[in-house]
Amino acid sequence: MVAFLANRANLQSKRLHDRIRNRLSAEFDDVHRRRTEPREAGPYRVVGTVNPRQFLGEKTYPTTTARVEVGFQLQTGEPYEYYWFNWIEPDRQLLVGWHQDDTHADLGPVHLQVNDSTTAVDHQPADFIDSHPLDVVERRLESLPDAVTAVEWEDGRPVGLR
């Protein structure tokens, strides 16, 4: 595990997202930083594509196209950053992601969410990681295969997490 001891109070959003881009480039293809859409929180997202069969080590995984999108919002009014770490399979209209934001307060500061297209079908509490954003990225990357393979399906649609 890599330890990040940098002062989180001095983080700069563009520089942070460039460092995330560099980190994701080791495992994903076509990794780039983009500005967020008006409906998205935070200033940037880092996006990378991947073949799920290779990434998950499952030769029979039902699709060969996925992407990861990661974004942080640094000044939140909370003592921690907000972030979105999403696995998206466009062909199956699946999103699985950790969201540390001001939604679903009943689940705690961070939750794991499953979407069928644009509709959330499940939310579950997730571990809060009070650490530097780059450490959060590392730990979520480690947990990503388990989260993706925990999605339950019915009639070809995602319905939640096991």
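Computed from the coordinates by the stated procedures, all read-outs in this text should not be read as laboratory data. This is a predicted model, so every value here is computed, not measured. Here the Cβ positions follow ideal geometry from the backbone for every residue, glycine too, while neighbour counts run over all protein chains shown.
Sort 84, 98, 153 so that the residue with the fewest other Cβ atoms within 10 Å of its own Cβ comes first and the one with the most comes last. Can you show the working numbers first?
Working: 84 20, 98 24, 153 13.
Neighbour counts put them in this order, fewest first: 153, 84, 98.
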Label-point gap, in nm, between residue 131 and residue 25 - each point 7 angstrom along Cα→Cβ: 2.3 nm
Whole-Hz couplings from phi, Karplus 6.51/-1.76/1.60, listed for the stretch 14-28; x for Gly and Pro: 5, 5, 4, 5, 5, 5, 5, 4, 4, 5, 5, 4, 6, 10, 10
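Treating the beta-carbon of each Lys and Arg as +1 and of each Asp and Glu as -1, no other charges, what is the dipole magnitude of the stretch 29-77 about its Cα centre, to the nearest 20 debye? Spell out each step's value before the answer.
Working: 8 positive and 6 negative charges, 11 e Å.
In debye, rounded to 20, the stretch 29-77 gives about 60.
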Fluctuation leader among 49, 36, 118 - the chain, Gaussian network, Cα springs under 10 angstrom: 118
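Counting pairs of Cα atoms in the chain, how many percent are more than 21 Å apart?
On the way: 5816 of 13041 pairs.
When all Cα pairs of the chain are counted, 45 percent exceed 21 Å.
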Candidates 122, 101, 130: whichever shows maximal mean-square fluctuation once the chain is modelled as a Gaussian network with Cα springs under 10 Å: 130
Distant-in-sequence amide H partners of residue 36 (H built 1.01 Å from N, under 5 Å): 44, 45
Packing-based exposure ordering (other Cβ within 10 Å, fewest first) of 91, 135: 91, 135
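Evaluate the charge dipole of the chain about its Cα centre and quote only its size in Debye, nearest 20, assuming +1 on the Cβ of each Lys and Arg and -1 on the Cβ of each Asp and Glu. Write down the numbers at each step before the final one.
Working: 19 positive and 26 negative charges, 153 e Å.
In total the dipole reaches around 740 debye.
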Long-range HN-HN contacts of residue 153 with modeled amide H, under 5 Å: 159
For the chain, with +1 on Lys and Arg beta carbons and -1 on Asp and Glu, the positive-most of 87, 77, 24 along the dipole: 24
Karplus-derived 3J(HN,Hα), 6.51/-1.76/1.60, for each residue of the stretch 115-127, Hz, glycine and proline x: 10, 9, 6, 9, 9, 6, 10, 7, 9, 9, x, 9, 5
Per-residue ³J(HN,Hα) for the stretch 132-144, Karplus 6.51 cos²θ - 1.76 cosθ + 1.60, θ = phi - 60°, Hz, x for Gly and Pro: 4, x, 5, 5, 4, 4, 4, 5, 5, 4, 4, 8, 4
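To make sure I understand, if each residue's beta carbon is the centre and we count other beta carbons within 10 Å, what order do 88, 20 fall in, fewest to most? Walk me through the intermediate numbers first.
On the way: 88 18, 20 25.
Result, fewest neighbours first: 88, 20.
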Relative contact order [Cα under 8 Å, 6+ residues apart], the chain, whole percent: 15 percent
